[in-house]
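Engineer: Pasting in a structure now, in structure tokens, and then I'll have a few things to ask.
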Amino acid sequence: MQIENDHDKEVYNGDISYVEDVEPNDGELTAIFDGRGEWRRDLSIGLNHIGDVKRKTGDAAGAQRNYEESAEILRKLVLAETKNTGWQSDLALVLGRIGMALADQGLESKAVAPLTQGRNIIAMLLAQSPSDAKLTAYRYWFEDKLADYTPRRPSRR
């Protein structure tokens, strides 16, 4: 049971949890509280779907707002469970969506930052699981989009 409020992690005095992992050498314990992370992830996916519909119907700014709300939820989940690679992957993908929504608004130069953040998360995950075909496909997608939106330097002859 939690005995202190931790507003950053949204865990409060009296919350019941179960131990997921213990690292005796590091003195680190990972606890899961009431499965709240799963419904939050579901909420973030729902926001992504709403954003996808908005983007397909031409409301890129509305889509961006939904994607950013989803990303904020996922950032909190990743901070609460740093070893959850699924949530890290979800965060990377929503950052890609933010980049695409920015590009749809003609803000290609602003699209580069979230695309780069997403690519970096995927690269970190791929370093941990180099044979993961899905992560490899995501990396190629991010690299392709970054090549589209990153200004090219003139070549010197």
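Engineer: Taking the Cβ of GLN88 as the centre, find all other residues whose Cβ is under 12 Å away and add up their charges (Lys, Arg: +1; Asp, Glu: -1).
Structural biologist: Value of the local net charge: +1.
Engineer: Going 7 Å from the Cα of SER129 toward and past its Cβ, which residues in the stretch 54-98 have a backbone nitrogen under 14 Å from where you end up?
Structural biologist: 83-93
Engineer: Per residue of the stretch 104-110, in order, report the coupling 6.51 cos²θ - 1.76 cosθ + 1.60 (Karplus, θ = phi - 60°) as ³J(HN,Hα) in whole Hz, putting x for Gly and Pro.
Structural biologist: Calculated HN-Hα couplings, in order: 4, 8, x, 10, 4, 5, 7 Hz.
Engineer: Now for a separate question. Pull out the extension gain between LEU146 and VAL53, defined as 0.36 nm times the separation in residues minus the alpha carbon to alpha carbon distance; nm, one decimal.
Structural biologist: So the chain would gain 31.2 nm between LEU146 and VAL53.
Engineer: Continuing with the same structure: Within the P(r) computed for the stretch 89-144, what percentage of the Cα pairs occupies the region above 12 Å?
Structural biologist: So the pairs more than 12 Å apart make up 60 percent of the total in the stretch 89-144.
Engineer: How would the stretch 63-157 be classified by its alpha-carbon gyration tensor: rounded, prolate or oblate, with rounded meaning a/c under 1.5 and the a/b versus b/c comparison settling the rest?
Structural biologist: oblate
Engineer: What list of whole percents do you get for P(r) of the stretch 37-92, with Cα-Cα distances grouped in 10 Å bins up to the one holding the largest distance?
Structural biologist: Binned Cα distances yield the sequence 28, 49, 20, 3.
No value in this document is a laboratory result; all are computed from the given coordinates. In this text, all values refer to a predicted model and were calculated from it rather than measured experimentally. Positions of Cβ are generated from backbone atoms using ideal geometry, with glycine treated the same way; all protein chains shown enter the neighbour counts.
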